[in-house]
Structures are given as structure tokens and as C-alpha cells.
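What follows draws every value from the coordinates through simple rules; no lab data is involved. Small disclaimer: the values here were computed from a predicted structure and weren't measured. Cβ sites come from the backbone with ideal geometry, for glycine too, and all protein chains shown count toward neighbours.
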Ligand SMILES: [Zn+2]
């Protein structure tokens, strides 16, 4: 995905670990929609393995086409990715500092301009 900032800079999203991109985790609903289902899902995964029902957990959490031979780390990573992919995105123009916040998932972006000059790297980990 690429889009044009008001300053003329093209903001590109074509790789991982971008320093000018972040996920937006709203405080309202963050527990119910993100934290709690992840904790419960991973605990259920561990308990299903202990109960020799790994395949059952995979069936309950992924479709029939999901590979059954992935290791636990890849499986948990895929499980987490589903929740992360549902988060709205934020991008920052590295030229002028404008923030672009996804208004709704898959929807348009709303732009905010920084009030001051100290905006560089604000979305870095
Ligand atoms: Zn810009």
C-alpha cells in the first residue's frame, strides 16, 4: 500500500518493521476484543496439547485448509496475527510528521498534523 501525503511524500507500506507505522489498540474494548481472547486462546491451546487435542484446537480456531503440521510457535504466531491484523493502522509521514489514522478497519485515513517540531520517530518501538 502506498499513499500520498499532503506534502508530496509517498508513504509506502511494502515491508515489515516500518518505523513510521503502528497498530492502534483502543483502550475501550481492548481487554474484551484483544487481550482476553488472546490469553484464553493460548491457554486453551496449551491445555488442548496437554489433553492430546491439538487437532481439535486447530479445528476450533482455524479453517480446514490451515496446515496441521506447523510447529507450536508458528501456530501461536498465526493465532496472534489474526488479532493484530484486525487493528487499525497509523502511519506517519517521515517528511512532515503528519499522522494518518485509519478511521475504520479497511476505511479511509484521517490526517493529523503535529503542533510542534518534535515528532520524528514517534511511532518507533
Ligand atoms: Zn508529509
Projected area of the stretch 30-84, taken from the Cα convex hull and averaged over every viewing direction, in nm²?
3.6 nm²
Normalised contact order of the stretch 66-125, rounded percent, pairs of Cα under 8 Å and 6 or more residues apart
21 percent
If R₀ is 35 angstrom, what is the calculated FRET efficiency for the pair residue 61 and residue 104, using the beta carbon separation as r and rounding to 0.05?
0.85
Checking 41, 97, 63 against a Gaussian network model of the chain (alpha-carbon springs below 10 Å), the top fluctuating residue turns out to be 63
For the residue pair residue 3 and residue 47, what label-to-label distance in nm results when each label sits 7 Å from Cα along the Cα-to-beta-carbon direction?
4.1 nm
For the chain, the Cα convex hull volume per residue in Å³ comes to 136 Å³
Under a point spin-label approximation (7 Å from Cα along Cα-to-Cβ), what is the residue 25-residue 73 distance to one decimal in nm?
2.2 nm
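Pairs of alpha-carbon atoms within less than 8 angstrom and 6+ residues apart define the contacts here; what relative contact order does the chain have, in percent?
It comes to 30 percent, rounded to a whole number.
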Compute the FRET efficiency between residue 80 and residue 13 as 1/(1 + (r/R0)^6), taking r as their Cβ-Cβ distance and R0 = 25 Å, and round to the nearest 0.05.
0.80
Stretched fully, the stretch from residue 40 through residue 54 gains (0.36 nm per residue minus C-alpha distance, one decimal, in nm) 3.5 nm
Please give, to one decimal in nm, the separation of the simple spin-label points placed at residue 117 and residue 96, each 7 Å out from Cα toward the Cβ.
1.8 nm
Of the candidates 22, 86, 74, which one comes out as most mobile in a Gaussian network treatment of the chain with C-alpha springs shorter than 10 Å?
74
Hey, what angle do you get for helix 36-50 against the long axis of the chain, alpha-carbon based, 0 to 90 degrees rounded to 10?
30 degrees
